[in-house]
Amino acid sequence: MELNVINKEGKETGRKVVLADEIFAIEPNDHAIYLDVKQYLANQRQGTHKAKERSEVAGSTRKLKKQKGTGGARAGALRSPVFVGGGRVFGPRPRNYSFKLNKKLKELARKSALSYKVKEGSIIVVEDFTFEAPKTKDYVAFKNNLKIAEGTRSLLVLPGVDKNIFLSARNLKKTQIISASQINTYEILKAKSLIIFESALKQIEGENA
């Protein structure tokens, strides 16, 4: 499939790029996408949740009342889970939620996500550029030139780190900047408009070949 290369003013440059079919035109594998997104979100979890159990709650361990003859249930200690302020039964403990996936499966998931974006017509290839200084209004003007509606989630893929572009877009809602080496299935699917620098496209095709 061919796409026109657009400059930052939103005008066609007269050049076209050919998207590799083995990356942008495969039959999407939904289960691979599911596993990759599940892993990405799981890896974001800190897993630092903790509730105190009865052995960790502050309080006396003396027996509250005699065993028999009160007409009520037996009570052994104030820290019992049945009392207010007592320890929690089987509460959450710190744990690691991350898990591993095969490299080929993750590659298949990325290719599937990119293929979905091509089918949706959501990919825009942009000629490489930079800003002279970090200015949010310059990035807003760039998005307007590409006719990306306000409030639409967009992902800009750069060939590397560009501080001026990153700082220009940092304060904008639903705007994500990422380098080609860090592109992942979750961010691709999350974006409604996928903007790729011309040189970044070559990196994506090289890494996923």
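In the context of the full set of protein chains, the chain has a per residue accessible area of 62 Å² (1.4 Å probe).
When the solvent-accessible area of the range 97-148 is split by element, carbon and sulfur atoms take up 50 percent of it, the probe being 1.4 Å. Packing around the peptides 91-104, 111-124, 6-19, taken as the average count of other Cβ atoms within 10 Å per residue, puts them in this order, highest first: 111-124, 6-19, 91-104.
Remark on the range 117-200: hydrodynamic radius 12.8 angstrom, per the Kirkwood mean of 1/r across alpha carbon pairs.
For the listed residue pairs 135/190; 143/163; 117/174; 119/173; 111/143; 16/117, the alpha carbons are over 20 angstrom apart in 135/190; 119/173; 111/143.
Axis angle, to the nearest 10 degrees, between helix 30-44 and the longest C-alpha principal axis of the chain: 60 degrees.
For the range 74-98 and the range 137-209, compute the distance between their C-alpha centroids and round to whole Å. Comparing the Cα centres of the range 74-98 and the range 137-209, I get a distance of 46 Å. Ranked by the mean number of other Cβ atoms within 10 Å of their residues, highest first, the peptides 185-196, 136-147 fall in the order 185-196, 136-147.
Between residue 90 and residue 34, the simple spin-label model (points 7 angstrom out along Cα→Cβ) gives 2.6 nm. Checking the Cα-Cα distances for 100/202; 52/103; 52/104 against a 32 Å cut-off, the pairs over it are 52/103; 52/104.
For the range 25-125, a/c is not less than 1.5, where a ≥ b ≥ c are the root eigenvalues of the C-alpha gyration tensor, and a/b tops b/c. That puts it in the prolate class.
Once the Cβ-Cβ distance between residue 171 and residue 66 is put in as r, and R0 is 45 Å, what FRET efficiency do you end up with, to the nearest 0.05?
After rounding, the FRET efficiency stands at 0.10.
What FRET efficiency, computed as 1/(1 + (r/R0)^6) with R0 = 22 Å and r the Cβ-Cβ distance, is obtained for residue 102 and residue 27, rounded to the nearest 0.05?
E(calc), rounded to 0.05, equals 0.70.
Checking (1) 26.7, 94; (2) 15.8, 46; (3) 18.8, 61 against the coordinates, the calculated Rg and Dmax of the Cα atoms in Å falls under label (1).
The values are calculated or read from the model by the stated rules, or taken from the named source; none is laboratory data. Keep in mind that what you see is a predicted model, and the values were worked out from it rather than measured. Note: ideal-geometry Cβ built from the backbone for every residue, glycine included; neighbour counts use all protein chains shown. We work out accessible area using only protein heavy atoms, side chains counted, and drop any ligands, DNA or RNA first. Shrake-Rupley method; radii C 1.70, N 1.55, O 1.52, S 1.80 Å.
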